[in-house]
């Protein structure tokens, strides 16, 4: 097939997850950075997704879509994920300590809770084209036998342009992010 694709179904949702920060210790720095970029984008996409109040309520909860749209519950987990990534990504990439890896893992879990309810949007959707079309990129630390664009990198290259646009559309969200990050809105990439 030689294409990147995704599958979604209520039948493949996990019942349990295991967070093991020691897994990150064996990964090259660029892999840890790509993971952090993916977590950051998950959280930002969930906060800036179409609000759940802008979709008609289904006649029964069994018919609701997997991703409901931005909502106050997801905003809480995603804002904390963004905060953790902002404080810890550089340390998790450059300083091999379980404490730094734990912060990155915990941020990933929080963002996962958020996007599991709110969903993701353009940066992740556009990442499929980036990863599927670029056939000659060889990142440091990845296996040399098959060039590829790592998922977190294929997501983050699209994120700045998307968030500049969606940030203008959802000022209440950008205000929340500004409160967390002072005057630095999102990470300057």
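Residue check: is residue 86 surrounded by fewer than 23 Cβ atoms within 10 Å (Cβ to Cβ) and either within 13 Å of the chain's Cα centre (by Cα) or touching a residue at least 24 places away in the same chain (Cβ under 8 Å) (or both)? Please lay out each step first, then the result.
Details: surrounded by fewer than 23 Cβ atoms within 10 Å (Cβ to Cβ): yes; either within 13 Å of the chain's Cα centre (by Cα) or touching a residue at least 24 places away in the same chain (Cβ under 8 Å) (or both): yes.
The answer is yes for residue 86.
Inspection of the stretch 57-68 identifies no residue that is in contact (Cβ under 8 Å) with a residue 24 or more places away in the chain and assigned to a helix (DSSP H, G or I).
When the residues of the stretch 32-56 are filtered to those that are touching a strand residue (DSSP E or B) at 6+ places or on another chain (Cβ under 7 Å) and part of a helix (DSSP H, G or I), the one that is surrounded by the fewest Cβ atoms within 10 Å (Cβ to Cβ) is 52.
Take residue 8 and tell me if it is surrounded by 13 or more Cβ atoms within 10 Å (Cβ to Cβ) and either in contact (Cβ under 8 Å) with a residue 40 or more places away in the chain or over 19 Å from the mean Cα position of the chain (by Cα) (or both). So residue 8 fails the test. Looking at the stretch 122-150 only, could you name the residues that are touching a helix residue (DSSP H, G or I) at 6+ places or on another chain (Cβ under 9 Å), at pLDDT 90 or above and surrounded by fewer than 21 Cβ atoms within 10 Å (Cβ to Cβ)? Within the stretch 122-150, 122, 126 qualify. Touching a helix residue (DSSP H, G or I) at 6+ places or on another chain (Cβ under 9 Å), over 14 Å from residue 41 (Cα atoms) and modelled with pLDDT of 90 or more, is that true of residue 109? For residue 109, the condition - touching a helix residue (DSSP H, G or I) at 6+ places or on another chain (Cβ under 9 Å), over 14 Å from residue 41 (Cα atoms) and modelled with pLDDT of 90 or more - is not met. Do we find that residue 41 is without any contact (Cβ under 8 Å) to a residue 24 or more places away in the chain and touching a helix residue (DSSP H, G or I) at 6+ places or on another chain (Cβ under 9 Å) in this structure? In short, no.
Does any residue of the stretch 24-31 turn out to be touching a helix residue (DSSP H, G or I) at 6+ places or on another chain (Cβ under 6 Å) and either modelled with pLDDT of 90 or more or part of a helix (DSSP H, G or I) (or both)? So far as the stretch 24-31 goes, yes, one or more of its residues are touching a helix residue (DSSP H, G or I) at 6+ places or on another chain (Cβ under 6 Å) and either modelled with pLDDT of 90 or more or part of a helix (DSSP H, G or I) (or both). For the stretch 89-117, a residue qualifies if it is over 30 Å from residue 53 (Cα atoms) and surrounded by fewer than 17 Cβ atoms within 10 Å (Cβ to Cβ), and the qualifying residues are 90, 91, 94, 95, 96, 97, 98, 99. Of all residues in the stretch 69-83, those being outside any helix (DSSP H, G or I) and within 13 Å of the chain's Cα centre (by Cα) number 0.
The values are calculated or read from the model by the stated rules, or taken from the named source; none is laboratory data. Everything quoted here is computed from the prediction, not taken from an experiment. Ideal geometry is used to build each Cβ from the backbone, glycine not excepted, and the neighbour counts take in all protein chains shown.
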